[in-house]
1. Looking at the stretch 19-33 only, could you name the residues that are charged (D, E, K, R) and either closer than 20 Å to THR2 by Cα or surrounded by fewer than 12 Cβ atoms within 10 Å (Cβ to Cβ) (or both)?
2. Condition first: modelled with pLDDT of 85 or more and open to solvent by 40 Å² or more (accessible area, probe 1.4 Å). Now tell me which residues in the stretch 63-85 satisfy that.
3. Among the candidates GLY47, GLY16, single out the residue that is open to solvent by 30 Å² or more (accessible area, probe 1.4 Å), free of Cβ contacts under 8 Å to residues at least 40 places away in the same chain and not basic (Lys, Arg).
4. Mind listing whichever residues of the stretch 4-61 are assigned to a helix (DSSP H, G or I), hydroxyl-bearing (Ser, Thr, Tyr) and closer than 30 Å to ASP82 by Cα?
Amino acid sequence: MTLQPPYRPTTANMIGQHITKAMRKVGLNATAYWLRHTYAQNLLEAGASIFEIKEMLGHDNIESTQRYLHVHTQLMRQVLFDETI
């Protein structure tokens, strides 16, 4: 619930805005998306499968998870297809 009237459920967008505001307050130029992206990348680098990452991020489909992992395509191919980089 929001803290000020009119009281209503908090949305994911509102939480993202609060996270971004808090990060900027401590001098980090980052967003809630950046945190989720970093979490996904760290899971991938630690050896989690894309399907495990999908579940941990709460995605309904694998395509959403792939968007979070687009930066490390080579590492994702290594994890998915056991390719040597």
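The values are calculated or read from the model by the stated rules, or taken from the named source; none is laboratory data. Everything numeric in this text was worked out from a predicted model, so none of it was measured. No Cβ is skipped: glycine too gets one built from the backbone with ideal geometry, and neighbour counts run over all protein chains shown. Surface areas here come from the heavy atoms of the whole protein model, side chains and all, with no ligands, DNA or RNA. Shrake-Rupley method; radii C 1.70, N 1.55, O 1.52, S 1.80 Å.
1. LYS21, LYS25
2. Matches in the stretch 63-85: GLU63 only.
3. GLY47
4. TYR33, THR38, TYR39
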